[in-house]
Amino acid sequence: MAGPRLHVLEAALGTTLRNLCTAASAPAYGFGPMPPLPTRRVVVTGLGLVTPLGVGVRETWRRLLAGESGLRQLREEDLPEAQRSALASLPCRVAGIVPSDQLDDACRRYGLAEDVRRSSRFMMLALVAAEEALVDARWYPGAAAAKGPVGDAARRATGVVVGNGMSCTTEVAEAGALVAAGRGRRVSPFFVPRILPNMAAGAISIRHGLQGPNLAPSTACATGGHAVGDAFRLIQRGEAEVMVAGAAEACVDAISLTGFSRLKALSTAFNTAPTQASRPFDAARDGFVMGEGAGVLVLEEMEHAIARGVDIYAEVRGYGLSGDGHHITHPHPDGMGAALCMQRALAGSGLAPRDVAYINAHATSTPTGDAIEQAAILSLFTEQTAQGQASHASTDAAVAAAGSHAGAAAAGVAVSSTKGATGHLLGAAGAVEAAFAVLALRHRRAPPTLNLHRPDPPLLPGLVGPAAVDLPPGRPIAAMSNSFGFGGTNSSLLFATAG
């Protein structure tokens, strides 16, 4: 046995000497090399949801799995008073609205009634979701019982990344009308704080006294995905122990509906059948349905969570970002941006495409985007199959053979878009759907795609239709959540079962 051990020692000594020689011969530059960054493991310990399906994780998840819809016809009272006369002229008169009675109850339960006067709607949705997530995680750094050195340390180690995609078109329009009419003194002194995209993050931080990193991405419909991913990186790199992460959106008004209608992005064929209007991947899809809501996840360094004895939903394993570099509203026809962010989420995660059992797709119910995302997902498995065959054939032959096997590989992956039930929550979508991906792992159930009856194109054999399906039992599995935004910004999150 001495021989192999000696060989290992000689190799290690040789490597050390080479490194020393290289360091000695390298020219000095400034203060020298940066210290290595930590790569800590990050888990999900709390969830909070405010969606058109309901306020709260339990109600939202129950209705989602049951195949219920949160979409309905718009009513005059859903719009700001000054915009109600425009309802009849809107091309799309379907939306996903948070149930007002449930939201009011949650505000009272969490003691948020006083915040309503000085906060815009997206801020309130975020505050409610954050309260539920923090209670779920059993993390109360701002509570009176947490005063003192231990509480101070907890607050400094806890940060917030909660974004917003569209800000407050209603607030801006109402203030603009007052100014144009010479009534500027009637503009609320809270006007500016209410429209800033970072104010949901600010409000959560202020309410709980959180002094860790505080930021608010605003990357259109990829905002929620970027917020969760950025929070993951901050903990992974040692800049925080706990992060409150997510996004909120509340801009269902005549201005936003008109703007998206002018882009021909919204569904207009189902105004009298609102629950059928959002139909991702289906041949009859004709555009997305706007919704409002918020999703918040509590992320935590794994050892910190284990030491607290808190329940762990899932582990965050990867985060991928990319840009299309193509068009302000349309994805690249080859789906390269979507494929790149999925590949980058897997890179460095220790997982392979075959480990992914579920993908919560971005698919918004638009004719072009849904088809491109299907092709991008399929390419992920085409590449895996080609790499697996490359050692037995030429590269060209492997890629050709992969085309016939990729469908079989992708058949093991359930793919659904929960926007069939919630509509498209714009900036909040990625955070809400990240929570859905985590819950899918927790319960080993892939939620349905409402109104998917005839896939077009029928590329992915694992597309989940109007009924939820079981995920593989008895082994570790992973789930991916995709979010893509105007401007060609893309994100993909990778979660894995805990334990």
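The values are calculated or read from the model by the stated rules, or taken from the named source; none is laboratory data. Given the structure is predicted, the values throughout are model-derived calculations rather than measurements. Glycine gets a Cβ as well: all are built from the backbone with ideal geometry, and neighbour counts include every protein chain shown. For the accessible areas, the whole protein counts, side chains as well, though only heavy atoms, and no ligand, DNA or RNA atoms are used. Shrake-Rupley method; radii C 1.70, N 1.55, O 1.52, S 1.80 Å.
Scanning for something modelled with pLDDT under 95, assigned to a helix (DSSP H, G or I) and buried (at least 20 other Cβ atoms within 10 Å of the Cβ), does the stretch 412-430 turn up at least one residue?
There is no residue in the stretch 412-430 that is modelled with pLDDT under 95, assigned to a helix (DSSP H, G or I) and buried (at least 20 other Cβ atoms within 10 Å of the Cβ).
Step by step: first the residues of the stretch 302-329, then only those that are open to solvent by 50 Å² or more (accessible area, probe 1.4 Å) and of a type in the set (Asp, Glu), then the one that is nearest to residue 476 (Cα to Cα). Which residue is that?
Among those residues, the one meeting the criterion is 311.
I need the full set of residues from the stretch 206-235 which are assigned to a loop (DSSP other than H, G, I, E, B), hydrophobic (A, V, I, L, M, F, W, C) and in contact with a Ser or Thr (Cβ under 7 Å, 6 or more places away or on another chain), in order please.
210
Give me a count of the residues in the stretch 87-132 that are within 17 Å of residue 59 (Cβ to Cβ), under 25 Å from the mean Cα position of the chain (by Cα) and in contact (Cβ under 8 Å) with a residue 24 or more places away in the chain.
Selection size over the stretch 87-132: 12.
Within the stretch 62-81, take every residue that is outside any loop (DSSP other than H, G, I, E, B) and open to solvent by less than 20 Å² (accessible area, probe 1.4 Å) and give me the one that is nearest to residue 271 (Cα to Cα).
The residue in question is 71.
Scan 121, 156 and give me the residue that is of a type in the set (D, E, K, R) and either modelled with pLDDT under 95 or crowded, with 20+ Cβ neighbours inside 10 Å (or both).
Matching residue, one of 121, 156: 121.
Does any residue of the stretch 374-387 turn out to be under 30 Å from residue 55 (Cα atoms) and touching a helix residue (DSSP H, G or I) at 6+ places or on another chain (Cβ under 8 Å)?
No, because not a single residue in the stretch 374-387 is under 30 Å from residue 55 (Cα atoms) and touching a helix residue (DSSP H, G or I) at 6+ places or on another chain (Cβ under 8 Å).
Within 19 Å of residue 275 (Cα to Cα), open to solvent by 20 Å² or more (accessible area, probe 1.4 Å) and in a helix (DSSP H, G or I), is that true of residue 84?
The answer is no for residue 84.
Take the stretch 268-288 and flag every residue that is open to solvent by less than 30 Å² (accessible area, probe 1.4 Å) and hydroxyl-bearing (Ser, Thr, Tyr).
Scanning the stretch 268-288 gives a single hit, 278.
Looking only at residues in the stretch 188-213 that are hydrophobic (A, V, I, L, M, F, W, C) and more than 17 Å from residue 296 (Cα to Cα), which one is surrounded by the fewest Cβ atoms within 10 Å (Cβ to Cβ)?
Result: 192.
Residue check: is residue 238 in a loop (DSSP other than H, G, I, E, B) and touching a residue at least 24 places away in the same chain (Cβ under 8 Å)?
yes
So, in the stretch 159-175, of the ones that are modelled with pLDDT of 90 or more and within 25 Å of the chain's Cα centre (by Cα), which residue ends up most open to solvent (accessible area, probe 1.4 Å)?
Per the criteria, the residue is 166.
Cβ-Cβ distance below 7 Å, separation of 6 or more or different chains: which pairs start in the stretch 342-364 with a residue that is open to solvent by 10 Å² or more (accessible area, probe 1.4 Å) and end on one that is among the polar types (S, T, N, Q)?
344/322; 352/384; 353/384; 354/384; 362/482; 362/483
Could you grab me the full set of residues in the stretch 128-153 that are at pLDDT 95 or above and in contact with a helix residue (DSSP H, G or I) (Cβ under 6 Å, 6 or more places away or on another chain)?
128, 130
Which of (1) open to solvent by 60 Å² or more (accessible area, probe 1.4 Å); (2) of a type in the set (A, V, I, L, M, F, W, C); (3) at pLDDT below 95 does residue 486 not meet, given it meets every other one?
(3) is the only condition that residue 486 fails.
Kindly list the number of the only condition in (1) more than 26 Å from residue 71 (Cα to Cα); (2) free of Cβ contacts under 8 Å to residues at least 60 places away in the same chain; (3) open to solvent by 50 Å² or more (accessible area, probe 1.4 Å) that fails for residue 135.
It fails just one condition, (2).
Which one of the conditions (1) surrounded by fewer than 23 Cβ atoms within 10 Å (Cβ to Cβ); (2) assigned to a helix (DSSP H, G or I); (3) of a type outside the set (D, E, K, R) does residue 374 fail to meet, given that it meets all the rest?
Looking at each condition in turn, residue 374 falls short on (1).
Counting only residues that are modelled with pLDDT under 95 and among the acidic types (Asp, Glu), which one in the stretch 85-118 is farthest from residue 257 (Cα to Cα)?
114
Can you give me the number of residues within the stretch 440-466 that are assigned to a loop (DSSP other than H, G, I, E, B) and open to solvent by 60 Å² or more (accessible area, probe 1.4 Å)?
8
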